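Let me begin by presenting the structure, written as structure tokens, before commenting on it.
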Amino acid sequence: MLDKAYDAKKYEDAIYKKWEKSGAFKADSQSKKKPFCISMPPPNATGTLHLGHAIMLALEDILIRHRRMKGYEALWVPGTDHAAIATQNKVEKLLAEEGVTREQLGRESFLNRVKEYVADSQDIIRNQIRKMGSSCDWERERYTLDDDLNRAVIEVFVRMYEDGLIYRGHRIVNWCTRCGSTLADDEVEYVEVQTPFYYIKYGPVVIGTARPETKFADKVVVVHPEDKRYKKYVGQEMDIDWIDGKIKAKFIADKDAADMEMGTGAMTITPAHSFVDFDLAKKYKLEIEPIIDERGKMLPIAGEFAGMDVAECRTLLVKKMQKLGLIDRIDENYTHNLSVCYRCNTAVEPLVSEQWFIDVNKKCKALKGKSIKQRSIEVVKKGDIQIIPDKFNKTYFHWMEDLRDWCISRQIWWGHRIPVWYCACDKNCKPECRQPIVSRETPKACSHCKSKNLKQDEDTLDTWFSSALWTFSTLGWPKKTADLKKFHPTSVMETGYDILFFWVARMIIMTTYALGDIPFEKVYLHGLIRDREGRKMSKSLNNGIDPLEMIDQFGADALRMSMVIGNTPGNDMRLYEEKIKGYRNFTNKLWNASRFVLGIFEEKNIKSAPPLDLKKLSDSDQWILEKLNRTITSVDDALTNFRISEAGQVLYDFLWSDFCDWCLELSKGEKQNPAVLYHVLKTILILLHPIVPFVTEQIWSELPGSQGMLINEAFPALFKGKFDGSATDTAIEVISALRRMRAENKIEPGEKIPVVLYGHQKMAALESHQEEIIKLARISKLTLKEEGPKLPGAATDVASGVDVLIPLGGLVDTKKEKERLTKEIANLNKYIASVSGKLANKHFLQNAPKAVVEGEKKKLSDATVRMNKMKEQLAHL
RNA sequence: GGGCGCUUAGCUCAGUUGGUUAGAGCGUCUGGUUUACACCCAGAAGGCCGAAGGUUCGACUCCUUCAGCGCCCACCA
């Protein structure tokens with residue numbers, strides 16, 4: 001016998017072990033079944049999982065379990081990501097607490113330290129993924145730094161290099177001075193800050209800047225060609241007084257670069273520390289002179305400020321400029337967007353550096369003669385990849401179209417080492433020796449001078465380079481594995497919309513290149529989980545909810561449901577304890593309904609599945625089977641089409657309202673049909689299993705005659721037959737009316753009352769449900785007639801065409817009853833007016849579909865009948 | 001500056017291609033130990049579906065404008 005209340009903690013871990021041990025999560029690449037595959041977005045191997053991971057695990061597990069039950073060969077590949085910068089930062093912080101820097105430790109020891117840390121994190125993460133009930137194939141678990149995956153990374157790099165898509169170049173990049181590394185464009189975030197804005201006299205003009213410390217080498221002034229104020233200077237070269245004496249400055253005009261409205265309309269350019277200026281410098285072939293170095297210190301060109309931090313330099317430089325009379329004025333309330341590193345929030349310094357890039361515009365055979373940009377846009381435009389919800393298409397296209405070459409080299413230690421070597425022989429050797437050697441294997445000697453003195457590139461690859469290969473590298477590529485053949489392209493990529501660019505877009509880029517194929521057919525993007533006030537959960541606000549704590553309190557099933565119901569793809573949701581508690585209550589409801597049904601089986605000594613005779617069904621049996629059939633259809637449809645919330649909602653309502661409130665209550669009598677109860681309960685367990693796998697599996701194990709584990713059960717087929725539950729609908733409406741009337745007239749709930757029903761056309765329905773009506777409406781004596789007279793002083797109502805009367809004069813509050821009837825008649829009047837208005841409209845009759853017109857006619861006649869009865873009753877009171 | 005989205009009951013949110021007298025959960029109120037469940041049961045109150053126009057026989061649903069809120073991208077010398 002089941003416990004009185006469901007205690008998730010008591011069962012979940014054991015159930016998970018049983019699943020895992022049984023091999024139920026394992027997918028077979030040799031099977032004949034149609035494949036369904038999800039690559040789990042690999043959590044960063046840094047610490048613990050949060051709700052963002054929890055919602056991803058819940059959604060993906062629901063999809064996987066549903067498709068598995070539907071007969072697909074379902075594969076869910078788990079894994080973790082080395083998360084280059086994030087992990088390195090974490091370990092650097094830990095080291096800082098010990099007073100050590102990574103440089104002091106040296107590359108090798110540092111990497112060992114990181115490996116230890118990652119191994120610990122992975123253990124924690126694996127455990128947490130299991131806690132959520134995730135039915136992923138642990139034998140296929142991967143890590144982005146696994147040897148196999150490293151091979152895939154190198155393979156792609158070398159191929160891209162050979163195809164000319166990867167190149168090495170001196171270009172302006174985003175540089176984090178704290179991480180000491182480049183960042184990709186989308187790894188830069190912007191924060192609004194207030195800084196002083198300086199207007200500085202630059203010869204005959206005044207220029208505005210928030211960063212005077214970058215201006216030491218500015219030698220060119222750009223103005224708009226139409227700007228009357230400055231037209232006279234264009235093309236001139238003149239001596240002007242600058243920070244360290246006179247310099248020569250040139251004036252040029254550019255209609256795209258200069259904006260007359262902005263600032264003073266004149267600007268000087270700083271090619272080495274501004275993306276826009278860098279491009280301008282290229283355009284006009286200007287000198288590109290660095291001012292700030294890679295540690296964020298001023299270079300010798302800054303004269304007495306050399307070696308200073310940027311901030312310090314700025315303060316002192318402004319003082320100097322003031323003395324020199326160069327400062328025109330200072331605007332103290334200037335707000336602008338400061339670019340910062342997405343991993344450590346340090347200000348990003350744009351600077352020029354020699355780095356590796358992926359060319360996004362170069363056309364290439366492997367991309368069907370198109371560029372990365374073109375291919376990536378094409379596969380979504382053509383619908384090969386479908387993004388859910390589709391509002392993200394536009395965002396995706398927009399990002400792709402504006403994409404600049406992707407800087408992929410990082411000056412950090414943790415990650416995939418770039419497979420490039422340089423000949424370190426005497427520099428006078430041969431000019432060719434300065435060419436990088438790009439190779440799959442460590443080269444033995446320089447191919448030009450045969451020197452064995454080779455040095456590998458110190459840099460590692462952007463972490464997103466390796467995660468971009470995730471869908472296929474995890475399946476064995478570049479080897480032609482059975483897994484790859486069976487499961488790629490994967491079916492769905494389910495992840496948060498916040499990494500659409502970082503990850504999803506890059507997977508599309510890399511897969512269309514390396515495999516000539518899409519990485520996945522659908523992209524399902526979930527929203528962010530926020531706190532009760534709609535704020536992002538964060539450490540600094542301390543408003544985060546720990547999924548493990550919630551699982552401990554309410555169970556994994558409850559947590560899963562709370563994140564999945566009432567939320568649609570792409571939209572953020574708020575989550576808080578009461579919500580999770582509500583779904584804990586649901587799991588308990590399911591538990592108790594099962595407990596009740598199982599009790600009946602025990603009582604009747606039912607030890608195995610009782611045969612269900614679909615030809616001998618009471619009206620109530622048909623009623624619940626019809627509802628169940630509808631539920632099966634809509635749950636299947638909803639899950640197939642990624643409307644996961646709807647599937648959960650439909651099941652919630654069916655279990656609670658239809659099954660518990662009515663089916664089980666109606667079954668507490670002589671007409672109880674244990675076979676029907678058995679099959680309905682069994683079907684409910686299967687249907688609910690993808691969403692709440694633990695509680696359903698536990699109940700399943702207690703269900704007499706259930707075989708094997710629920711996880712392996714097939715998704716239910718519809719019960720065959722035409723089921724008519726209309727008599728039960730009538731009974732339900734009559735019972736509800738009686739309950740309402742009792743409450744309105746303040747009849748004690750315990751008190752049994754006499755009731756008169758005039759059934760009219762519904763006599764048969766009422767006769768067949770007398771027992772249930774008497775019981776559920778607490779009736780002492782039921783008088784059932786086809787029709788009859790109004791009873792003086794009786795409370796009356798009409799339900800489903802049946803006159804419902806409670807003829808106890810003393811019990812009825814006549815005044816209230818009059819008020820109620822008057823109000824209802826007024827309502828009906830309005831309603832009838834609107835419906836008959838519609839039906840009087842020629843255009844409506846002409847244009848509306850027949851079914852709609854018929855529906856309106858029925859509405860009108862029903863309402864009219866009801867109103868007439870109400871009027872009669874009112875007259876009779 | 002460009003783009004996207006949201007605005008429905010006190011709160012959190014559903015509402016499939018336009019056809020409901022607009023739904024759920026929580027909360028509130030009235031009552032309840034009835035063959036599982038107080039993590040429960042029965043009942044009730046509560047909404048001009050952000051505002052104004054338009055299209056349509058018909059609009060919460062489609063279009064336009066506006067307001068408030070939010071997000072993303074670009075970037076301001």
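Structural remarks
- Histogram of C-alpha separations across the range A:585-738, 5 Å bin width, %: 2, 9, 19, 22, 23, 16, 7, 2, 0, 0
- Set A:Lys589/A:Lys775; A:Lys362/A:Lys452; A:Lys10/A:Lys682; A:Lys370/A:Lys430; A:Lys607/A:Lys668 screened for pairs whose C-alpha atoms are more than 29 Å apart: A:Lys362/A:Lys452; A:Lys370/A:Lys430
- Longest exposed-site-free window of chain A, the sites being GluC sites (Glu not before Pro) in a DSSP loop that have at most 15 other C-beta atoms within 10 Å: A:1-225
- Mean Cα-pair separation over length for the range A:216-338, i.e. relative contact order, pairs under 8 Å, 6 or more apart, %: 20 percent
- Potential extension, A:Tyr284-A:Glu432 segment - 0.36 nm per residue separation minus Cα distance: 50.3 nm
- Fraction of beta bridges assigned by DSSP in chain A that are antiparallel (%, nearest 5): 70 percent
- For the cross-link pairs A:Lys248/A:Lys297; A:Lys627/A:Lys671; A:Lys248/A:Lys320; A:Lys32/A:Lys615, the ones whose C-alpha atoms lie over 30 Å apart are A:Lys32/A:Lys615.
- As a length-normalised measure over Cα pairs under 8 Å and 6 or more apart, the relative contact order of chain A settles at 13 percent.
- In this simple spin-label approximation, A:Thr864 and A:Glu294 carry label points 7 Å from Cα along the Cα→Cβ vector, and these lie 8.8 nm apart.
- Stokes-Einstein diffusion coefficient of chain A, Kirkwood radius over Cα pairs, 4 °C, 1.567 mPa s, in µm²/s: 39 µm²/s
- Average Cα contact separation per residue, the range A:140-247, under 8 Å, 6 or more apart, as relative contact order %: 12 percent
- Note on A:Lys871: aspartates and glutamates with a C-alpha under 16 Å away, same-chain residues under 8 apart excluded, are A:Asp797, A:Asp803, A:Glu817, A:Glu819, A:Glu824, A:Asp862.
- Unit charges on C-beta of K, R, D, E only; dipole of the range A:686-775, Debye: 280 debye
- Translational diffusion coefficient (Stokes-Einstein; Kirkwood radius from C-alpha pairs) of the range A:643-713 at 37 °C, 0.692 mPa s, in µm²/s: 252 µm²/s
- Ordering A:Gly555, A:Gly383, A:His82 by Cα displacement along the dipole of chain A toward the positive end leaves A:Gly383 in first place; charges were set at the Cβ atoms of Lys, Arg (+1) and Asp, Glu (-1).
- Backbone HN-Hα couplings from phi across the range A:58-63 [Karplus 6.51/-1.76/1.60, Hz, Gly and Pro as x]: 5, 4, 5, 5, 4, 4
- Remark on A:Ile779: its backbone amide H falls under 5 Å from those of A:Ile753, a criterion applied only to residues 5 or more positions apart or on other chains, H modelled at 1.01 Å from N.
- Those lysines that a straight Cα-Cα span of less than 23 Å connects to A:Lys90, excepting residues fewer than 8 apart in one chain: A:Lys115, A:Lys536, A:Lys539
- Contour excess over end-to-end distance, with Cα ends at A:Lys33 and A:Val852 and 0.36 nm allotted per residue: 290.5 nm
- Of A:Lys394/A:Lys522; A:Lys842/A:Lys869; A:Lys215/A:Lys319; A:Lys255/A:Lys282, pairs whose Cα-Cα distance is over 18 Å: A:Lys842/A:Lys869
- Debye intensity ratio in log₁₀ form over the Cα atoms of the range A:227-350, taken at each q of 0.10, 0.21 Å⁻¹: -0.39, -1.70
Since every read-out is calculated from the coordinates, none of them should be taken as a lab result. Computed from a predicted model, the values in this text were never measured in an experiment. Cβ coordinates were reconstructed from backbone atoms using ideal geometry, including for glycine residues, and neighbour counts include every protein chain displayed.
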